[in-house]
1. Just one of 73, 117 is closer than 26 Å to residue 132 by Cα and more than 10 Å from the ligand (Cβ to nearest atom); which is it?
2. For residue 152, state whether it is within 17 Å of the chain's Cα centre (by Cα) and not in a helix (DSSP H, G or I).
3. What about residue 87, is it touching a strand residue (DSSP E or B) at 6+ places or on another chain (Cβ under 8 Å) and either more than 9 Å from the ligand (Cβ to nearest atom) or free of Cβ contacts under 8 Å to residues at least 12 places away in the same chain (or both)?
4. Residue 134 fails exactly one of the following numbered conditions: (1) in contact (Cβ under 8 Å) with a residue 12 or more places away in the chain; (2) more than 15 Å from the ligand (Cβ to nearest atom). What is the number of that condition?
5. Out of the residues in the stretch 5-32 meeting the condition of being crowded, with 19+ Cβ neighbours inside 10 Å and closer than 22 Å to residue 80 by Cα, tell me which one is farthest from the ligand (Cβ to nearest atom).
6. Just give me the residues in the stretch 83-101 being over 19 Å from the mean Cα position of the chain (by Cα) and assigned to a helix (DSSP H, G or I), in sequence order.
7. How many residues are assigned to a helix (DSSP H, G or I) and either exposed (fewer than 12 other Cβ atoms within 10 Å of the Cβ) or more than 9 Å from the ligand (Cβ to nearest atom) (or both) if we restrict to the stretch 33-47?
8. Here's a check for you: in the stretch 48-74, which residue that is touching a helix residue (DSSP H, G or I) at 6+ places or on another chain (Cβ under 8 Å) and not in a loop (DSSP other than H, G, I, E, B) is surrounded by the most Cβ atoms within 10 Å (Cβ to Cβ)?
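What follows is calculated from the coordinates using simple rules that are stated; it is not laboratory data. Quick caveat, the model's predicted, so the values are computed rather than measured. Note that we place each Cβ from the backbone using ideal geometry, even for glycine, and neighbour counts take in every protein chain shown.
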Ligand SMILES: NC(=O)c1ccc[n+]([C@@H]2O[C@H](COP(=O)([O-])OP(=O)(O)OC[C@H]3O[C@@H](n4cnc5c(N)ncnc54)[C@H](OP(=O)(O)O)[C@@H]3O)[C@@H](O)[C@H]2O)c1
């Protein structure tokens, strides 16, 4: 069964990125991202893949693109159907790490959403999709004041998953 988690950092208006780059580079958030995703497969769109400074260690990179990514460390999928067939066979938590188009693709299936919510507003050209927060239980994992930026790292868990776990 697919176990999809989304992980993202957003501004007060859901800002995700600008000019194919991140808007904020926050130390504690980066640390949380690494700790949470390490040793899990990560799913991303081709643009996010190209925006990474390097391959992220100890994580299998699953990239969605209409093209073939010529990198032996990366597995490319050409459609949602293609990656779904692959993910259906995995029995482990998979992290969708962006960008906007790939969050939209998976948001309705997300059992967990790890959302760093930054109290700041910036110019952006991509946004995190709206989701129904009523369907999730929110747990704040971390509150951080970094330089002049305040943010919280929140875990949203789908209510029906919590019911099944009882
Ligand atoms: N704040 C955060 O947490 C966070 C996290 C990740 C990314 N970001 C930001 O998000 C931005 C990138 O997001 P984005 O939405 O522009 O791009 P993206 O989702 O990273 O990648 C888009 C690409 O994915 C491929 N794709 C999408 N849907 C597909 C489908 N149905 N079938 C096959 N391929 C498909 C296409 O690649 P091809 O064109 O190759 O076909 C498309 O151009 C950047 O600014 C990045 O820094 C922010």
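1. Working: 73 fails: closer than 26 Å to residue 132 by Cα.
Answer to the selection: 117.
2. Numbers: within 17 Å of the chain's Cα centre (by Cα): yes; not in a helix (DSSP H, G or I): yes.
Answer is yes for this residue.
3. On the way: touching a strand residue (DSSP E or B) at 6+ places or on another chain (Cβ under 8 Å): yes; either more than 9 Å from the ligand (Cβ to nearest atom) or free of Cβ contacts under 8 Å to residues at least 12 places away in the same chain (or both): yes.
Here the answer is yes, as residue 87 does meet what is asked.
4. Only one criterion in (1) in contact (Cβ under 8 Å) with a residue 12 or more places away in the chain; (2) more than 15 Å from the ligand (Cβ to nearest atom) is unmet by residue 134, namely (1).
5. The selected residue is 5.
6. Quick first cut of the stretch 83-101, residues over 19 Å from the mean Cα position of the chain (by Cα) only: 85, 89.
Result: 85, single match.
7. The initial filter retains those residues of the stretch 33-47 that are assigned to a helix (DSSP H, G or I), namely 33-37, 46-47.
Narrowing further to those that are either exposed (fewer than 12 other Cβ atoms within 10 Å of the Cβ) or more than 9 Å from the ligand (Cβ to nearest atom) (or both): 34-37.
The total comes to 4.
8. 48
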